[in-house]
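The values are calculated or read from the model by the stated rules, or taken from the named source; none is laboratory data. Since the model is a prediction, treat every value here as computed from it, not as a measurement. Methodologically, a virtual Cβ is constructed for each residue, glycine included, from the backbone with ideal geometry; neighbour enumeration extends over all protein chains shown. With ligands, DNA and RNA removed, areas are computed over all heavy atoms of the protein, side chains included. Shrake-Rupley method; radii C 1.70, N 1.55, O 1.52, S 1.80 Å.
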Amino acid sequence: FKKGEYIALPRILPLQEMVVEFDAYHIFSKFRVAEERLLAKGVRDIIDTTRQVGSLKRLAKDLMTDYDVLTGYRLGRNKPTLDFVKRLYDFRKEPLPRPSVIKGERESTAVKIPQTLTNEVAEFLGLMFSEGSYKKDSIHFYNNCPKTQKRFAKLCRDIFGLEPKKEIVNTVETATLFSTVLARFLQYAGLPEYQKSLKAVLPEFLLAADKDKIGKFLGAYFVGDGCAAKGSSCAEMYSSSKELSIGLVYLLQRLGILFSLKARKTKAAVSYRVSIYGYDNVKSFYQQTCLPYPKFRDLKQALGSFSDKLGSRYDIVPIAIDFLREKIVANCSYGALKKRGVEIHNYISQGERITRKMFQRMAPVLNSAAVEKFAFNHLSHIFFDEIKSMEFIKGETDVYDLEVKNTHNFIGGNAPCFFHNTVVQHQFAKWSDADVIIFVGCGERGNEMTDLLLEFPELNDPKTGRPLMERTVLIANTSNMPVAAREASVYTGITIAEYFRDMGYSVAILADSTSRWAEALREISGRLEEMPGDEGYPAYLGSRTAAFYERAGAVKCLGSDERGGCLTVVGAVSPPGGDLSEPVTQNTLRVTKVFWALDSSLAYKRHFPAINWLTSYSLYEDNLQAFLNERAGEGFGALRAKALEILQKEAELMEIVRLVGVEALSPKDQFWLEVAKIIREDFLHQHAFTEHDSYTSLKKQYMMLRVIMTLFGEGERAVESGKSMSDILTGDFKDKIARMKLIPEENLERFDTLQKQAEQI
């Protein structure tokens with residue numbers, strides 16, 4: 001990293017929203033039930049019913065409570081605690097009722113407790129985190145605005161059934177309540193009793209809530225500790241707690257609002273400021289958090305005075321000037337840009353930074369599909385933040401990576417940042433037919449290589465049942481090592497692989513990632529002052545890439561026993577921005593003749609392995625026909641070709657569906673879509689953690705595909721004869737097809753039954 005460069009951050013965190021429920025038995029276990037419904041028809045009836053079976057003393061012993069206390073509960077002299085109620089219902093193995101009113105002490109006021117996180121509860125918490133505090137059983141809210149005090153009092157009545165008292169504390173209007181129940185709820189939410197301004201932590205459950213509730217919390221917090229200056233395209237929130245300010249940042253990214261987090265150090269303490277820059281961002285913040293508070297009228301007035309041109313400058317797209325010049329000269333004219341309101345000289349000659357809005361206005365004129373995709377697709381998911389300063393922290397530090405489910409991406413850090421992980425090659429290592437696996441981590445992160453070292457000894461080799469590490473060689477070249485080591489790591493791996501191949505073994509080398517190896521070549525070439533080629537890579541990149549991959553193949557080893565060995569090379573290419581036209585990818589494709597295109601859109605749809613069947617290809621199809629017919633089954637190639645045709649047809653039909661809907665299609669086209677879905681979800685989709693689906697033999701693949709293609713052929717004829725879709729694809733038969741991937745390899749005869757059912761449609 002360098003000062004002045006930009007780092008890509010997620011524009012929005014699309015987490016799965018959850019209904020947040022409050023477990024009263026966990027939060028308020030020591031408090032007492034105050035509902036007559038629960039007392040009369042619940043606790044007392046259960047105690048009396050249980051007493052008929054055995055003595056009351058025996059029941060008290062089983063419930064781990066005092067006999068006199070149990071008697072008091074039965075006679076109604078005392079109200080039972082929630083902890084006792086839970087033990088009683090668990091003892092009887094009956095479902096727990098949900099209490100809605102509880103008490104602290106005997107003489108205290110009964111308090112309603114929220115069952116779930118509602119908009120009102122989120123708003124109440126936002127006010128308390130900004131300008132509230134509590135000590136033991138006294139809760140205070142400080143604010144001099146009468147309308148804000150009135151709103152706070154209404155929330156207390158509606159949520160908890162409590163009426164706050166008005167008083168003046170140090171010239172500040174204060175709403176005061178006395179309730180140990182409410183104090184316990186605030187403690188559970190993360191509001192500390194002492195040093196609240198320094199130690200407050202965002203309620204953990206709020207991160208999983210829906211956007212409405214997040215908006216209510218942020219809006220209420222802004223009312224207490226926020227401001228928007230008139231004439232300035234910025235709204236700000238403040239906190240003295242680092243943990244709380246980081247939590248506010250995560251909530252803003254849940255709403256897709258850009259931010260800036262800054263720390264201000266004084267002699268007394270450190271304070272944190274979360275700033276929302278730009279007209280569009282402040283407008284989005286206003287729309288998603290607008291509450292009936294006077295302060296939001298001030299924000300709306302300030303929003304009206306913002307300059308759209310001034311505000312949008314904070315959402316920057318750091319495009320290289322040389323790239324712009326090249327695209328404009330090759331693909332469009334200055335006049336075409338002028339018509340769209342783009343003054344290109346400002347960016348090329350004067351060095352003005354391009355905003356996202358201006359770049360999206362410019363992109364359609366440049367006649368580049370990659371640029372348009374970046375402008376209208378990628379930029380809706382990421383934004384760029386300029387590096388203003390860097391700090392080096394010496395010493396050992398714990399690092400936690402949180403993996404996003406099913407995507408193998410990471411979101412982490414004080415402000416959410418992207419990280420990445422690869423698992424496809426791990427499956428190769430486990431299930432390939434090779435005797436020896438060479439794994440080259442070229443420029444990988446240190447903790448990824450550490451994970452490999454820890455995981456591989458724990459994985460069992462399906463062939464031998466012994467640890468997979470026994471036939472694996474790991475070459476670890478982490479990203480903090482010198483570039484010369486990065487270049488050497490790939491050559492070291494291929495040389496070790498050739499050593500084992502010449503001994504007569506079948507060897508597979510997995511290189512991740514050859515893009516980082518090529519970057520090392522580029523850096524070394526630059527230091528040697530060699531003539532650069534395309535995108536700064538050395539002119540000999542193509543020959544070096546070819547020399548690496550051409551070391552693969554089957555050989556007849558020297559020696560009297562005429563043994564044979566083979567070497568297979570699998571290289572992972574990581575093109576920047578997913579641009580497959582960049583030099584490393586193109587030079588690799590010229591040599592390998594086989595390409596698996598990993599598609600992020602499939603990963604987002606939870607389809608794994610996320611290999612795009614339309615853009616991936618193999619030029620060895622004709623060479624493999626005889627082998628596949630022998631090992632899998634006669635006609636395997638024809639089945640594969642028909643499946644690809646159906647998937648291609650689906651891609652064409654989906655363009656129509658997006659415009660007019662699936663109902664506008666003919667019954668035949670609807671049937672094509674249904675079969676394509678079966679191919680995608682029941683054949684191509686695999687589960688890496690299921691024994692029978694993680695690896696599938698060629699024979700099983702052939703039999704699965706044969707069933708699906710028979711279903712397609714017979715079903716298409718049935719549709720043409722007038723049969724409905726529900727008659728062709730019955731629920732029971734669809735379920736059987738969906739589960740056929742789980743049929744064990746030793747029970748392949750079960751496919752014959754499925755085949756007969758498909759033929760009888």
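Per-structure values
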read-out	value
Those residues of region 115-134 which are crowded, with 19+ Cβ neighbours inside 10 Å and assigned to a loop (DSSP other than H, G, I, E, B), in sequence order	L117
Search result, residues across region 328-371 that are open to solvent by 50 Å² or more (accessible area, probe 1.4 Å), in a helix (DSSP H, G or I) and without any contact (Cβ under 8 Å) to a residue 24 or more places away in the chain	V329, A330, Y334, K338, K339, H345, R361, A369
Cross-chain or 6+ apart pairs with Cβ under 6 Å, region 575-594 first and under 13 Å from L541 (Cα atoms), then in a helix (DSSP H, G or I) and among the charged types (D, E, K, R)	P583/D534; P583/E535
Some residue of region 724-732 being more than 24 Å from W596 (Cα to Cα), open to solvent by 20 Å² or more (accessible area, probe 1.4 Å) and in a loop (DSSP other than H, G, I, E, B)	yes
Considering residues of region 188-214 that are outside any loop (DSSP other than H, G, I, E, B) and open to solvent by 70 Å² or more (accessible area, probe 1.4 Å) only, the residue nearest to F22 (Cα to Cα)	Y188
Residue among G637, G713 that alone is at negative phi, assigned to a helix (DSSP H, G or I), open to solvent by less than 40 Å² (accessible area, probe 1.4 Å) and free of Cβ contacts under 8 Å to residues at least 12 places away in the same chain	G713
Verdict on R74 being without any contact (Cβ under 8 Å) to a residue 40 or more places away in the chain and crowded, with 17+ Cβ neighbours inside 10 Å	yes
From the options D137, D68, D62, residue that is farther than 27 Å from E193 by Cβ, touching a residue at least 12 places away in the same chain (Cβ under 8 Å) and either touching a strand residue (DSSP E or B) at 6+ places or on another chain (Cβ under 6 Å) or of a type outside the set (A, V, I, L, M, F, W, C) (or both)	D62
Subset of region 116-142 [under 25 Å from D23 (Cβ atoms) and aromatic (F, W, Y)]	F124, F129, Y134
Within region 452-511, tally of residues that are of a type outside the set (A, V, I, L, M), outside any loop (DSSP other than H, G, I, E, B) and more than 30 Å from A546 (Cβ to Cβ)	7
Of all residues making up region 232-274, the number that are under 25 Å from the mean Cα position of the chain (by Cα) and small (G, A, S)	4
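Here is a yes/no grid of residues against (1) open to solvent by less than 80 Å² (accessible area, probe 1.4 Å); (2) among the aromatic types (F, W, Y); (3) at pLDDT 85 or above; (4) over 24 Å from M481 (Cβ atoms):
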residue	(1), (2), (3), (4)
L528	no, no, yes, no
G542	yes, no, yes, yes
Y549	yes, yes, yes, no
S560	no, no, no, yes
V573	yes, no, yes, no
S600	yes, no, no, yes
A603	yes, no, no, yes
P609	yes, no, no, yes
L619	no, no, yes, yes
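Residue-wise test of (1) surrounded by fewer than 16 Cβ atoms within 10 Å (Cβ to Cβ); (2) closer than 26 Å to F627 by Cβ; (3) in contact (Cβ under 8 Å) with a residue 60 or more places away in the chain.
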{"site": "H685", "(1), (2), (3)": "no, yes, yes"}
{"site": "T690", "(1), (2), (3)": "yes, no, no"}
{"site": "M709", "(1), (2), (3)": "no, yes, yes"}
{"site": "G722", "(1), (2), (3)": "yes, no, no"}
{"site": "D735", "(1), (2), (3)": "yes, no, no"}
{"site": "L742", "(1), (2), (3)": "yes, no, no"}
{"site": "D752", "(1), (2), (3)": "yes, yes, no"}
{"site": "I761", "(1), (2), (3)": "no, no, no"}
